[in-house]
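**Student:** Sending over a structure as structure tokens; questions will come in a sec.
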Amino acid sequence: MSDTPVKTHRDGAILQVTLDRPKANAIDLKTSRLMGEVFAGFRDDPELRVAIVTGGGDKFFCPGWDLKAASDGDAVDGDYGVGGFGGLQELRGLNKPVIAAVNGIACGGGLELALSADMILAADHATFALPEIRSGTVADAASVKLPKRIPYHIAMELLLTGRWFDVHEAKGWGLVNEILPADQLMDRAWELARLLASGPPLVYAAIKEIVRDAEDAKFQDAMNRITGRQLPSVDLLYSSEDQMEGARAFAEKRDPVWKGK
């Protein structure tokens, strides 16, 4: 439907999800639940391999929580739906790559949405902030994630001051993979998505599960779980046709044909 705030475009194994809720792409409870349904559908569809998330228009990626909706009664601790706020940051079992194409302002929960992706591409005019402190609340997901992604003191400065920073500073701290002219952003996102879609889905699943499982684990404990095939995606990979296909293709000096099984 054209009037939905969450638009999707599917091309082969790639799904583009566009948050399109004028004027600023803010997320209320209803929109968050819709996003969760879309991303859960992506997770559960065996034909889909990569997702791109972006914002409608050329000014806002997403400013986060819709404060107008909150003032009208949306509870800050209300039902955000499967996957939590924005449908991504708490979505369990998402073992497929997600690319955020940040096309403008990404602040508060919008920055947290981008942080939930595996790679972030940003237009050269994109700006970022975690301004929750100014509205008397906490950037909860960012408070968990940001100090693990960038130096602690920088993360705390951004969380405690709510100051704005531009795309070049974001890349300098490693929050952004690539900076692109605005008119090249989506072309590059699709180029990267096609590259990932051509890769081995079972390996991607294993990588994502290992990274999640090992985030707070000691190195040897994490390795023991991997080598003991205690992670479902790793166990599936090690018993798969794709595992053998990769070895055969290497020996035969040809491109592998991945079947995802």
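**Student:** How about region 1-108: which trypsin sites (Lys or Arg not before Pro) there are in a DSSP loop, with at most 16 other Cβ atoms within 10 Å of their Cβ?
**Tutor:** Lys23, Lys59, Arg92
**Student:** Relative contact order of the chain, please, whole-number percent, based on alpha carbon pairs below 8 angstrom and at least 6 residues apart.
**Tutor:** Value for the chain: 15 percent.
**Student:** Given labels modelled 7 Å from the Cα in the Cβ direction, how far is it in nm from Glu245 to Glu178?
**Tutor:** 2.5 nm
**Student:** Sort region 112-261 into rounded, prolate or oblate with this rule: let a ≥ b ≥ c be the square roots of the eigenvalues of the Cα gyration tensor; rounded if a/c is under 1.5, and if a/c is not under 1.5, prolate when a/b is larger than b/c, oblate otherwise. Walk me through the intermediate numbers first.
**Tutor:** Details: a/c = 3.23, a/b = 1.57, b/c = 2.05.
Here region 112-261 falls in the oblate category.
**Student:** What GluC sites (Glu not before Pro) does region 181-261 have in DSSP loop regions with at most 16 other beta carbons within 10 Å?
**Tutor:** Working: sites: Glu191, Glu209, Glu215, Glu241, Glu245, Glu252; in loops: Glu215, Glu252.
Hits after loop and neighbour filter: Glu215, Glu252.
**Student:** Take the alpha carbon gyration tensor of region 167-210, find the square roots of its eigenvalues, order them as a ≥ b ≥ c, and report rounded if a/c is under 1.5; if not, report prolate when a/b exceeds b/c, else oblate.
**Tutor:** Oblate.
**Student:** As a test of the definition: which semi-axes, in Å, follow for the chain when you take the square root of five times each eigenvalue of its alpha carbon gyration tensor? Largest first, please. The partial results should precede the final answer.
**Tutor:** Working: eigenvalues 204, 88, 68 Å².
Semi-axes (√(5λ), whole Å): 32, 21, 18.
**Student:** Please work out the Cα center distance from region 173-190 to region 198-261, rounded to the nearest Å.
**Tutor:** Cα centres, region 173-190 to region 198-261: 28 Å.
**Student:** How much length would be gained if the chain were fully extended between Ser71 and Arg134, taking 0.36 nm per residue of separation minus their Cα-Cα distance, in nm to one decimal?
**Tutor:** Fully extending the segment from Ser71 to Arg134 adds 21.1 nm.
**Student:** Quick one: what are the phi-derived ³J(HN,Hα) couplings along region 117-132, Karplus 6.51/-1.76/1.60 with θ = phi - 60°, whole Hz, x for glycine and proline?
**Tutor:** 7, 8, 9, 10, 9, 9, 5, 5, 9, 5, 9, 9, 6, 10, x, 3
**Student:** Quick one: accessible area per residue over region 66-161, 1.4 Å probe, rounded to a whole number of Å²? Don't jump to the answer; show the numbers that get you there.
**Tutor:** Working: 4050 Å² over 96 residues.
Heavy-atom SASA per residue in region 66-161 reads 42 Å².
**Student:** Output ³J(HN,Hα) for region 37-43: one whole-Hz value per residue in order, computed from phi by the Karplus curve 6.51 cos²θ - 1.76 cosθ + 1.60 with θ = phi - 60°, and x for Gly and Pro.
**Tutor:** Each residue of region 37-43 in turn: 4, 5, 6, 5, x, 4, 4 Hz.
**Student:** Report in % the part of the accessible area of the chain that belongs to carbon and sulfur, leaving out ligands and nucleic acids; probe 1.4 Å.
**Tutor:** Whole-percent figure for carbon plus sulfur exposure: 55.
The values are calculated or read from the model by the stated rules, or taken from the named source; none is laboratory data. What you see is a predicted model; the values in this text were computed from it and never measured. Positions of Cβ are generated from backbone atoms using ideal geometry, with glycine treated the same way; all protein chains shown enter the neighbour counts. Side chains are part of the model used for accessible areas, which takes the heavy atoms of the whole protein and leaves out ligands, DNA and RNA. Shrake-Rupley method; radii C 1.70, N 1.55, O 1.52, S 1.80 Å.
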